[in-house]
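Q: Okay, handing you the structure first.
The values are calculated or read from the model by the stated rules, or taken from the named source; none is laboratory data. Quick caveat, the model's predicted, so the values are computed rather than measured. Positions of Cβ are generated from backbone atoms using ideal geometry, with glycine treated the same way; all protein chains shown enter the neighbour counts. Accessible surface is based on the protein model in full, side chains and every heavy atom, while ligands, DNA and RNA are left aside. Shrake-Rupley method; radii C 1.70, N 1.55, O 1.52, S 1.80 Å.
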Amino acid sequence: MVGVSSLPLVFDAPKRGLPPKHFADLDEQGRIEAAAELGLPKFRANQLAKHYYGRLTADVQEMTDLPAGAREDVARTLFPTLMTPVRHISCDDDSTRKTLWRLHDGTLLESVLMRYPERNTLCISSQAGCGMACPFCATGQGGLDRNLSTAEIVDQVRAAARALRDGEVGEPGRLSNIVFMGMGEPLANYRRVVDAVRKITSPAPDGFGISARSVTVSTVGLAPAIRRLADEGLSVTLAVSLHTPDDELRDTLVPVNNRWSVAEVLEAARYYADTTGRRVSIEYALIRDVNDQPWRADLLGRKLRSALGSLVHVNLIPLNPTPGSEWDASPKPVEAEFVRRVREHGVSCTVRDTRGQEIAAACGQLAAEEK
Ligand code: SAH
């Protein structure tokens with residue numbers, strides 16, 4: 001992978017902006033109104049929703065039960081092309097596939113599909129780039145291009161669910177899990193992400209019908225937005241990227257910590273757990289000699305136990321080194337000792353498997369290389 005930071009930030013950059021309105025931006029009422037504007041009765045709006053969310057098609061030519069005369073208008077006004085695949089790359093015996101998409105304004109975007117025996121997980125992006133500037137994350141090094149629209153988030157899901165269904169990624173299967181762990185900080189694009197979550201989790205024809213429990217929203221820890229998310233009445237899993245239990249180091253690893261401290265983030269996480277009854281995931285990228293000391297494991301275990309009781313699970317992620325960085329993953333014995341100590345405090349803790357390493361699709365690597 002080419003070091004993102006070594007590339008020129010702008011060459012012939014097209015004007016960046018949100019795409020034209022798309023069917024997947026609309027709720028039921030909006031769909032009915034949009035159909036009415038085209039002179040179509042209400043049931044046509046429902047028919048379109050069945051095509052998009054149920055049959056996973058955004059190609060109006062495939063919607064043959066729509067009057068031929070209306071198709072062109074519908075295509076132009078409700079289904080503008082949002083994303084064009086630039087390429088797919090697979091690895092891990094084809095059980096991991098990364099797709100690079102080009103958006104209407106030239107912005108690049110990535111999503112990753114991972115197949116497991118018991119589930120199929122799609123890692124999606126909520127922004128093009130990211131403004132959170134975490135120094136160990138490739139996306140964070142490139143800065144924020146722009147927010148994605150609701151439809152640009154939703155359509156990543158539709159495309160992957162369709163590819164799975166049609167057997168384009170191994171045996172035909174069903175998309176079961178969504179993680180907002182691609183590019184971007186989901187809670188910095190709050191309204192659109194919550195809209196997208198509703199469309200991902202609502203039963204057809206209003207959405208794809210993926211269980212909210214199987215959707216994970218991962219955040220650097222924007223405390224007020226975590227509380228707001230708790231009050232939305234969605235039962236999604238919250239993941240908080242903590243990476244260290246102390247403010248001194250977190251101020252540099254996750255710069256937004258200067259705004260909301262570890263204690264404030266954990267209080268918000270507690271509110272989320274209490275409000276939703278859901279266990280919160282804590283993400284912790286283990287970095288050799290940076291945040292992997294035994295005393296930090298103890299401090300982490302203590303703080304989590306006291307802030308969240310048993311409503312917490314720690315996911316350790318072996319650091320996936322970004323090009324040009326001196327940082328590396330911790331040695332396996334150090335990792336094992338870290339796990340042991342966290343568990344000693346009564347906090348459940350596992351090490352996450354890292355998929356997609358050789359195709360730059362693993363954690364924190366989703367910075368489009370050809371930007
Ligand atoms: N902005 C959100 C979601 C995107 S990143 C967040 O920070 O939570 C998804 C996860 O990958 C986060 O926990 C992030 O800290 C982690 N990550 C980023 N870069 C990584 C790297 N190089 N190695 C391991 N994990 C990384």
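Q: If you check 87, 97, which single one turns out to be surrounded by 20 or more Cβ atoms within 10 Å (Cβ to Cβ), of a type in the set (Lys, Arg) and closer than 15 Å to residue 360 by Cα?
A: Working: 87 fails: surrounded by 20 or more Cβ atoms within 10 Å (Cβ to Cβ).
None of the other options fit; the residue is 97.
Q: Scan the range 92-105 and report the pairs whose first residue is modelled with pLDDT of 90 or more and whose second residue is of a type in the set (Asp, Glu) and open to solvent by 50 Å² or more (accessible area, probe 1.4 Å), with Cβ atoms within less than 9 Å and a gap of 6+ or a chain change.
A: 97/168; 100/369; 100/370
Q: If you don't mind, there's one more thing I want to ask. List every residue pair whose Cβ atoms sit under 7 Å apart, with the two residues 6 or more apart in sequence or on different chains, where the first one lies in the range 230-245 and is farther than 13 Å from residue 266 by Cα and more than 10 Å from the ligand (Cβ to nearest atom) and the second, anywhere, is open to solvent by 10 Å² or more (accessible area, probe 1.4 Å) and in a loop (DSSP other than H, G, I, E, B).
A: 235/278; 237/278
Q: Within the range 222-272, which residues are charged (D, E, K, R) and closer than 16 Å to residue 304 by Cβ? Give the derivation first.
A: Narrowing the range 222-272 to residues charged (D, E, K, R): 227-228, 231-232, 246-248, 250-251, 259, 264, 267, 270.
Across the range 222-272, the qualifying residues are 246, 247, 250, 264, 267, 270.
Q: Listed residues 138, 161; which is open to solvent by less than 20 Å² (accessible area, probe 1.4 Å), more than 22 Å from residue 254 (Cα to Cα) and hydrophobic (A, V, I, L, M, F, W, C)?
A: Values: 138 fails: more than 22 Å from residue 254 (Cα to Cα).
Of 138, 161, the one residue that is open to solvent by less than 20 Å² (accessible area, probe 1.4 Å), more than 22 Å from residue 254 (Cα to Cα) and hydrophobic (A, V, I, L, M, F, W, C) is 161.
Q: What are the residues in the range 100-127 that are open to solvent by less than 30 Å² (accessible area, probe 1.4 Å), part of a strand (DSSP E or B) and either within 13 Å of the ligand (Cβ to nearest atom) or not aliphatic (A, V, I, L, M) (or both), if any?
A: 101, 110, 111, 112, 120, 121, 123, 127
Q: Of the residues that sit in the range 197-213 and are of a type in the set (Gly, Ala, Ser) and open to solvent by 30 Å² or more (accessible area, probe 1.4 Å), which one is farthest from the ligand (Cβ to nearest atom)? Can you show your working first?
A: So the first thing to find is which residues in the range 197-213 are of a type in the set (Gly, Ala, Ser), and the list is 202, 204, 207, 209, 211-212.
Checking which are open to solvent by 30 Å² or more (accessible area, probe 1.4 Å) leaves us with 202, 204, 209, 211.
Numbers: 202: 23, 204: 28, 209: 24, 211: 20 Å.
This residue is 204.
Q: In addition: Report every pair of residues separated by at least 6 positions or lying on different chains whose Cβ atoms are under 6 Å apart, first residue within the range 46-69 and outside any helix (DSSP H, G or I), second of a type in the set (Lys, Arg).
A: Note: pairs meeting the criteria are 56/158; 56/162.
Q: Same structure, new question: Can you tell me which of 194, 262 is in the same structural domain as residue 301 (by TED's automatic domain parsing) and over 20 Å from the mean Cα position of the chain (by Cα)?
A: Working: 194 fails: over 20 Å from the mean Cα position of the chain (by Cα).
On inspection, the qualifying residue turns out to be 262.
Q: Given the criteria in contact with a Ser or Thr (Cβ under 9 Å, 6 or more places away or on another chain), assigned to a strand (DSSP E or B) and either hydroxyl-bearing (Ser, Thr, Tyr) or modelled with pLDDT of 95 or more (or both), does residue 84 qualify?
A: Details: in contact with a Ser or Thr (Cβ under 9 Å, 6 or more places away or on another chain): no; assigned to a strand (DSSP E or B): yes; either hydroxyl-bearing (Ser, Thr, Tyr) or modelled with pLDDT of 95 or more (or both): yes.
It is false that residue 84 is in contact with a Ser or Thr (Cβ under 9 Å, 6 or more places away or on another chain), assigned to a strand (DSSP E or B) and either hydroxyl-bearing (Ser, Thr, Tyr) or modelled with pLDDT of 95 or more (or both).
Q: When you scan the range 214-234, how many residues do you find that are under 19 Å from residue 119 (Cα atoms) and not in a strand (DSSP E or B)?
A: 1
Q: List pairs: first residue in the range 21-32 and over 14 Å from residue 50 (Cβ atoms) and open to solvent by less than 20 Å² (accessible area, probe 1.4 Å), second residue of a type outside the set (Phe, Trp, Tyr) and part of a helix (DSSP H, G or I) anywhere in the structure, Cβ distance under 6 angstrom, at least six positions apart or on different chains.
A: As it stands, the answer is 22/151, since those pairs meet every condition given.
Q: Identify the single condition in (1) in a loop (DSSP other than H, G, I, E, B); (2) open to solvent by 20 Å² or more (accessible area, probe 1.4 Å); (3) modelled with pLDDT of 95 or more that residue 75 does not satisfy, given that it satisfies every other one.
A: In the conditions (1) in a loop (DSSP other than H, G, I, E, B); (2) open to solvent by 20 Å² or more (accessible area, probe 1.4 Å); (3) modelled with pLDDT of 95 or more, residue 75 misses (1) alone.
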